1. Restricting the stretch 72-88 to residues that are more than 14 Å from the chain's Cα centre (by Cα) and closer than 15 Å to Ala41 by Cα, which is surrounded by the fewest Cβ atoms within 10 Å (Cβ to Cβ)?
2. Condition check: touching a helix residue (DSSP H, G or I) at 6+ places or on another chain (Cβ under 6 Å) and farther than 16 Å from Phe186 by Cβ. Does Phe27 satisfy that?
3. List pairs: first in the stretch 48-61 and among the polar types (S, T, N, Q), second surrounded by fewer than 16 Cβ atoms within 10 Å (Cβ to Cβ), Cβ under 9 Å, 6+ apart or cross-chain?
4. How many of the residues in the stretch 46-59 are surrounded by 18 or more Cβ atoms within 10 Å (Cβ to Cβ) and not in a strand (DSSP E or B)?
5. Please determine, by comparing only the residues of the stretch 203-214 that are under 20 Å from Phe150 (Cα atoms) and of a type outside the set (A, V, I, L, M), which one is surrounded by the fewest Cβ atoms within 10 Å (Cβ to Cβ).
6. Would you point out which residue out of Leu166, Leu237, Leu200 is part of a helix (DSSP H, G or I), buried (at least 22 other Cβ atoms within 10 Å of the Cβ) and free of Cβ contacts under 8 Å to residues at least 60 places away in the same chain?
7. List the helices (runs of 4 or more DSSP H) inside the stretch 61-128, counting only whole elements, that have at least 1 residues being within 25 Å of Leu139 (Cα to Cα).
8. Could you tell me which of the residues Glu35, Glu19 is modelled with pLDDT under 95, acidic (Asp, Glu) and within 29 Å of Thr104 (Cβ to Cβ)?
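The values are calculated or read from the model by the stated rules, or taken from the named source; none is laboratory data. None of these values were measured; they are calculated from a predicted model. So basically every Cβ, Gly included, is an ideal-geometry build from the backbone, and we count neighbours across all protein chains shown.
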Amino acid sequence: MRRCGFVPIHPGMRKGFHEPAEKPRRFYKAVEVAEAEGGFAVLLDGRALRTPGGTRLLLPTRGLADLVAAEWAAQGETIELSQMHASRLANTAIDSIGKAREATADQIARYAGADLMLYFAEEPLALVSRQNELWGPLLDRVEAEARLSFVRASGIIHQEQPQETLDEVRRIALGLDDFGLAGLAFGAALFGSAILVIGLQRGWLGGVQALELSRLDEAWQEEQWGVDEEAAERVALLRIEAEMLERWFRGLAS
């Protein structure tokens with residue numbers, strides 16, 4: 001399963017910032033959120049943040065602005081740009097998504113067309129049972145409440161999904177504003193699943209829960225053979241992004 005943290009269709013979407021060779025030193029003391037025309041601005045010593053593209057960074061809700069501001073406030077003597085996931089996602093939403101809404105929605109639909117939640121193991125029976133127990137309710141809910149009817153498969157052979165379902169996923173994506181669409185794209189790539197990120201966006205499950213559902217087979221293998229240090233570090237980083245994405249959707253709704 002691919003885990004990249006963002007949809008790989010626009011070169012600038014993943015980073016949001018360009019990580020410099022030398023980490024910049026913190027140049028500000030106070031971080032504030034202020035209401036502004038068109039949304040909420042994050043102020044560093046009274047000056048509004050701008051995106052890498054030069055646009056004033058305006059968030060649509062106070063909750064989202066607070067999330068971005070908290071990242072800037074948490075910086076120490078140097079600024080860890082690579083760890084500021086909400087700020088990077090906000091930059092992407094402002095600088096990139098508006099120019100690529102159709103392409104972004106198409107990419108999310110492609111994740112739905114090969115969604116990992118649809119591929120159940122053939123064996124061992126204990127893993128199959130776990131997948132049915134933990135994946136089944138979410139698949140039932142997405143069919144009932146989001147009107148998405150998927151074909152479930154066993155094994156790894158690709159299963160074509162109904163075109164009307166993929167069209168509906170695309171419609172759901174395009175029904176969101178740029179910030180919601182950015183979050184949906186981020187999550188589809190993070191989890192390898194449009195189903196999981198739609199569930200997260202709608203508040204049906206939390207970020208860590210979505211991540212754990214996305215890696216049931218990996219967790220099973222870890223139970224059998226143990227966890228190596230590199231894999232544990234990778235999962236810890238994914239968990240940070242999943243937790244941020246949950247706060248992102250909550251902030252967008254507040």
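1. Ala73
2. Judged against the criteria, Phe27 is not a match.
3. Pairs found: Thr61/Ala253; Thr61/Ser254.
4. 3
5. Across the stretch 203-214, the extreme among qualifying residues is Trp204.
6. The unique qualifying residue is Leu200.
7. Hits in the stretch 61-128: 101-113.
8. Numbers: Glu35 fails: modelled with pLDDT under 95.
Being modelled with pLDDT under 95, acidic (Asp, Glu) and within 29 Å of Thr104 (Cβ to Cβ) holds for just one of Glu35, Glu19, which is Glu19.
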